[in-house]
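Worksheet for the structure shown next.
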Amino acid sequence: MSGVLERRQARAAWFFLAPALALIGFFFFLPILAGFVLSLTDFDIYAIGSPEIARFVGARNYAQVLHEREFWNALQNTIYFVVVGGPLSVLASLGAALLLSARLVRLKGLFRTAYFAPVVTTLVAVAIVWRYLYHPRYGFLNYALGALGVGPVDWLGDPRWAMPAIILLAVWKNFGYNMLILTAGLQSIPEELYEAAEVDGAGAWRRFRSITLPGLAPTFLFVGVITMIGYFQLFAEPYVMTQGGPLRSTTSVMLLMYEEGFRWWRMGKASAIAFLLFAIVLAGTLVQLRMRREAR
Amino acid sequence: MTRRSLRGSFLHAVVVLGGLATLAPLFWMAGASFMQTGEANSYPPRFLPSEPTFEHYVHLFTRLDLARHFLNSAVVTVSVTVVSILVNAMAGYAFGKLRFRGRDRLFRVLLAGMMIPAQAGMLPLFLLLKQMGLVNTYLGVMIPSFASIFGIFLVRQYVLGVPDDLLDAARIDGAGEVRIFRTIVLPLILPILVTLGAFTFISAWNDFMWPLVVLSDGAKYTLPVALASLAGEHVQDTELMMAGSLLTILPVLVVFLLFQKVYFRGMMAGSIKG
């Protein structure tokens, strides 16, 4: 290709890229960098009117946040949600994916649509629906448990049960997403492996353990990372269902950041919370990548 | 053979039960929204209204002005969808088919950005929009969604499949790059743009945290934000809230059912190299 044409093409490329790069640079990357700077200042409600009065305070926000029980409580709640809810979600997704991949099952498309439907629903709306399903007296869940002989649970009113209730909602809402990705992973495992194993007399469990699980390893990594990143950002469920209660038992880090930043307008401190969460998520991602690499 | 059919029946029973359990909350929501006031709070819980009524829907549209919020959401969602399809298509095409210096490095930087949760920059973004006078405006709600790294990625993967010869032939004929994009590339990548559109529509409609932060004037609330604030005032009105929830979910559910094939295809494309 001649130089003139090459230059023309490069010019066209930047023309096509300009809107997207400007938008992403200005409204995504710049705020993230600015967020770090903001977390090093005492930016508060007074500074919103006149930003020049905000002062640089070094790591003071971080020190303060790390000294407050409130943050550790929120982090503990969030980790509870991630560590229990994440694997439960993936397990439910795996079960559904295996079920819908079974050769004997018909009308797969129909069931796949049904299982996936909660994923596209509006979180706020279904959180409101579930708030009523969790009603201690009239809720459907306690009715069903009562039929099994289990006593009524005050799902959203009891600090011990509020987070499990949110986890259950999240599993219901999200399992369809990973189900689809795991289904694609299952399809990529060569059929001949199963046939050969069957000829060798390997039972269903053995085939699952020696062929299916290893075959799904790369998919599990992807699913694990995106689920973890998503679950660390827990916000709308507690905001709508419990407002972080009872006794702050469902206050997530994101909810704490929202309250600090947009209710009390302590923007510097809220930014520090946001960055601490970001650092934790990043560390979690790296740990998962490292674990997979070592397992291989 | 009988063992096989027994196993088949068992699997089907599990699949059907799972499906019913998954849809039960949505069925209950729909049923309760047509119940007489107070009927949803009865024991044992009921799924079907004894005497169906539209009164809660009427209430939502007359006294609570839900139509306004519905319209707010529709305007925001449709605008975001249309603008972002165009912006992402242009960028995805440039990354996929045009040669320029630093292309691969730039693309890698963008991909790395996908790992960063957008919330990390939410506070400065708010201050930035405040400086620009965009707080409490629809544009403020929409502008961060006008371009998306995921969208660019999706389009770029698809564009790679467009034959170079086609574009080069058009260049030799003297067509300008913009014309090539408009008349050759766009029609060819239409399928992925439909997928991207369905994705964007659903996520823009469902978006909650950002509109909650940006909008302070109740009349401007999008549907999910309005619904959340309604849920605080009308805790006792179960049937009313179910009607509001159903109306909020309905548009995305319809879009999903209409476009599910392309939606699923897009998810696969997005996850394989994600």
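The values are calculated or read from the model by the stated rules, or taken from the named source; none is laboratory data. This is a predicted model, so every value here is computed, not measured. Cβ sites come from the backbone with ideal geometry, for glycine too, and all protein chains shown count toward neighbours.
Computed quantities for the displayed model
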item: Number of positions in the range B:86-102 that are without any contact (Cβ under 8 Å) to a residue 24 or more places away in the chain and out of contact with any Lys or Arg (no Cβ under 9 Å at 6 or more places or on another chain); result: 4
item: Residue match in the range A:208-231 (condition: within 30 Å of A:Ala125 (Cα to Cα), in the same structural domain as A:Ile280 (by TED's automatic domain parsing) and either among the hydroxyl-bearing types (Ser, Thr, Tyr) or not in a helix (DSSP H, G or I) (or both)); result: yes
item: B:Leu60 being in a loop (DSSP other than H, G, I, E, B), of a type in the set (A, V, I, L, M, F, W, C) and in the same structural domain as B:Ala243 (by TED's automatic domain parsing); result: no
item: Among residues of the range A:252-291, those that are buried (at least 24 other Cβ atoms within 10 Å of the Cβ) and more than 11 Å from chain B (Cβ to nearest Cβ), counted; result: 2
item: Residue match in the range A:79-93 (condition: at pLDDT 95 or above and within 11 Å of another protein chain (Cβ to nearest Cβ)); result: yes
item: Among (1) within 13 Å of chain B (Cβ to nearest Cβ); (2) closer than 30 Å to A:Lys269 by Cβ; (3) of a type in the set (A, V, I, L, M); (4) surrounded by fewer than 19 Cβ atoms within 10 Å (Cβ to Cβ) - the single one A:Leu5 does not satisfy; result: (2)
item: Every pair of residues 6+ apart whose Cβ atoms lie under 9 Å, when the first sits in the range B:212-225 and is over 21 Å from B:Ala67 (Cβ atoms) while the second is among the β-branched types (Val, Ile, Thr) and surrounded by 22 or more Cβ atoms within 10 Å (Cβ to Cβ); result: B:Val214/B:Val141
item: Filter result for A:Val57 (β-branched (Val, Ile, Thr), more than 8 Å from every other protein chain (Cβ to nearest Cβ) and either touching a Pro at 6+ places or on another chain (Cβ under 8 Å) or closer than 30 Å to A:Gly176 by Cα (or both)); result: no
item: Residue that is modelled with the lowest pLDDT [pool: residues in the range B:38-64 that are away from every other protein chain (no Cβ under 14 Å) and surrounded by 14 or more Cβ atoms within 10 Å (Cβ to Cβ)]; result: B:Leu64
item: Criterion (part of a helix (DSSP H, G or I) and in the same structural domain as A:Tyr239 (by TED's automatic domain parsing)) met by exactly one of A:Arg106, A:Arg137, A:Arg131; result: A:Arg131
item: Qualifying position, being buried (at least 20 other Cβ atoms within 10 Å of the Cβ), within 30 Å of A:Ala217 (Cα to Cα) and either modelled with pLDDT under 95 or more than 23 Å from the chain's Cα centre (by Cα) (or both), among A:Ile181, A:Ile189, A:Ile166; result: A:Ile181
